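Contents: one structure, followed by commentary.
The values are calculated or read from the model by the stated rules, or taken from the named source; none is laboratory data. Nothing here was measured: the structure is a model prediction, and the numbers come from that model. Reconstructed Cβ throughout: ideal geometry from the backbone, glycine too, with neighbour counts over all protein chains shown. In case anyone asks, the SASA skips ligands and DNA or RNA and just uses the protein heavy atoms, side chains included. Shrake-Rupley method; radii C 1.70, N 1.55, O 1.52, S 1.80 Å.
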Amino acid sequence: MKYKDIVKGTFIERPNRFIAYVEIDGRQEKVHVKNTGRCRELLQKGVTVYLEKSGNPGRKTAYDLVAVEKGGLLVNMDSAAPNLAAGEWLASGGLLAPVKLIKPECTYGNSRFDFYVESEAVKMWLEVKGVTLETQRTALFPDAPSLRALKHVEELIQAKENGYEAGILFVVQMEGIRRFTPNWETQPAFAQALERAQEAGVAIYARGCHVTQDSMEISYEIPVVLKPEAKKQECFIQTAKGRSMADGPAVCEADNNENLCDIAPPLLKWYDGHRRVLPWRENPAPYRVWVSEIMLQQTRVEAVKPYFERFMEALPGIPELAQAPEDKLLKLWEGLGYYNPQVPPTA
């Protein structure tokens, strides 16, 4: 989703949920806040904010506040953005592929869910929740107690019991988040309801977004941790493995900002953007991977590439390998660093 006309400003104050005062080009402007939540950790005096200019010249507020900079993060705080981004993501096959039907704002029981989605095999009710609260790269929901959110979770459990698929999608409106967890401190009842929902088979998704000053789109998966203490204990156990008493006590990295349990998501993201292009990776069929692993035991990756390509062209599968004459197989393998143990190589 994209905005049309974005300007940059400096936040001054927010006297109520609906309006704020922002400095734009040296003048103070009264603006509309597109999020009625508290957002106290975001809207701090002096922070940089981004606003969309209204296309309605008769409106009392000429701008909508849609994003804010926070500690190196650009956070979209437009409460309408998660559903718009989720609709685009669903249409692209992000959840069900191929998607057959997407109906927004549909009533089920006593709730009005954000989406009803169908594929050939699945009929699903999906509720979307925007997330703007984070601490130490952990996204939290809700930022304030929400009876409506609690009701939605209970209704999703009922939908699952009635034979539908059901899910709740937490759209985290920023990048760089390592995990999502319910906000046990703010609303333990909601966190407990999520646990019941998961036990009942309700799918719980968390997705982060690529956020710019004028756009937001769902871009990456975020691990869901329903019990943060359980995650911390798991990290402690993994850190302690292999240590002796002389090493001193094992320290869980969850106690500081360098949590070893958080390495996987950013590492995989880096890998997707920087990995080497290798023939056995581009088509990772078991046979191809097996042959590459054996070849790579004795020599370098760059040296293996032409041998691998030649071998796959001559013997593309296990049947061809099984039927190959020994002299052909040895010729294809020649030069890879393997020698007959009965005939030592000459010095």
**OP:** Take Ala246 and decide whether it is of a type in the set (A, V, I, L, M, F, W, C) and either modelled with pLDDT of 90 or more or within 30 Å of Ile177 (Cα to Cα) (or both).
**Re:** no
**OP:** Return yes when Asp78 is surrounded by 14 or more Cβ atoms within 10 Å (Cβ to Cβ), closer than 20 Å to Asp143 by Cα, of a type in the set (Asp, Glu) and in contact (Cβ under 8 Å) with a residue 12 or more places away in the chain and no when it is not.
**Re:** yes
Subject >> Which listed residue, of Ser119, Ser111, is polar (S, T, N, Q), under 25 Å from the mean Cα position of the chain (by Cα) and surrounded by fewer than 23 Cβ atoms within 10 Å (Cβ to Cβ) >> reply: Ser119
Original post:
For region 170-225, which strands (runs of 3 or more DSSP E) that fit wholly inside it have 3 or more residues that are under 20 Å from Leu74 (Cα atoms), modelled with pLDDT of 95 or more and in contact with a Phe, Trp or Tyr (Cβ under 9 Å, 6 or more places away or on another chain)?
Top reply: 203-212, 215-221
Original post:
Looking at (1) open to solvent by 90 Å² or more (accessible area, probe 1.4 Å); (2) in contact with a helix residue (DSSP H, G or I) (Cβ under 9 Å, 6 or more places away or on another chain), can you tell me which one Val289 breaks?
Top reply: (1)
Original post:
If you go through region 84-102, how many residues are in contact (Cβ under 8 Å) with a residue 60 or more places away in the chain, surrounded by 17 or more Cβ atoms within 10 Å (Cβ to Cβ) and in a helix (DSSP H, G or I)?
Top reply: 4
Subject >> Extreme residue, nearest to Glu69 (Cα to Cα), among residues of region 1-39 that are among the charged types (D, E, K, R) and touching a residue at least 40 places away in the same chain (Cβ under 8 Å) >> reply: Lys8
**OP:** Mind listing whichever residues of region 298-324 are open to solvent by 80 Å² or more (accessible area, probe 1.4 Å) and either in contact (Cβ under 8 Å) with a residue 24 or more places away in the chain or touching a helix residue (DSSP H, G or I) at 6+ places or on another chain (Cβ under 8 Å) (or both)?
**Re:** Gln298, Glu309, Arg310, Ile318
